[in-house]
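Enquirer: Following this message is one structure expressed as structure tokens.
Values quoted throughout were computed directly from the atomic coordinates according to the rules given, and no laboratory measurement underlies them. Computed from a prediction, not measured in an experiment: that's the story for all the values here. FYI the Cβ positions are ideal-geometry reconstructions off the backbone, even for glycines, and counts take in every protein chain you see.
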Amino acid sequence: MPIIVRLDVVLAQRKMKSKELAAQIGISEQNLSMLKSGKVKGVRFDTLEKICDVLNCQPGDLLEFQAEGDEN
């Protein structure tokens, strides 16, 4: 998949657990886990906004585009 989700990296940098983030943004831990693993087809902008607000980051800190065949 060309979109890489880096939510786990940002959570680790903020020393925050997924459970805490899920509670603060109002989604289930299971849905947050699916987002972290990249198993979702999309993310709502309001959810992305809440994540960025709580983690004090930009959407680009959470998501990265990687072209097909590009291993870096």
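Enquirer: Can you list the helices (runs of 4 or more DSSP H) lying wholly within the chain that have 2 or more residues being at negative phi, of a type in the set (D, E, K, R) and within 12 Å of the chain's Cα centre (by Cα)? Spell out how you get there, then give the answer.
Expert: Details: elements: 7-14, 18-25, 29-37, 45-55, 59-62.
Those helices (runs of 4 or more DSSP H) span 45-55.
Enquirer: Which of the residues that make up region 41-67 are surrounded by 14 or more Cβ atoms within 10 Å (Cβ to Cβ) and under 20 Å from Ala23 (Cα atoms)?
Expert: Val43, Thr47, Leu48, Lys50, Ile51, Cys52, Val54, Leu55, Cys57, Leu62
Enquirer: For region 1-26, give me each residue that is farther than 25 Å from Gly69 by Cα and surrounded by fewer than 17 Cβ atoms within 10 Å (Cβ to Cβ).
Expert: Those that are farther than 25 Å from Gly69 by Cα and surrounded by fewer than 17 Cβ atoms within 10 Å (Cβ to Cβ): Ala12, Gln13, Arg14, Lys15, Met16, Lys17, Ser18, Lys19, Glu20, Ala23, Gln24, Gly26.
One line per residue, one yes/no per condition, for (1) touching a residue at least 24 places away in the same chain (Cβ under 8 Å); (2) not polar (S, T, N, Q):
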| residue | (1), (2) |
| --- | --- |
| Ile3 | yes, yes |
| Arg6 | yes, yes |
| Gln13 | no, no |
| Ala22 | no, yes |
| Val40 | no, yes |
| Cys52 | no, yes |
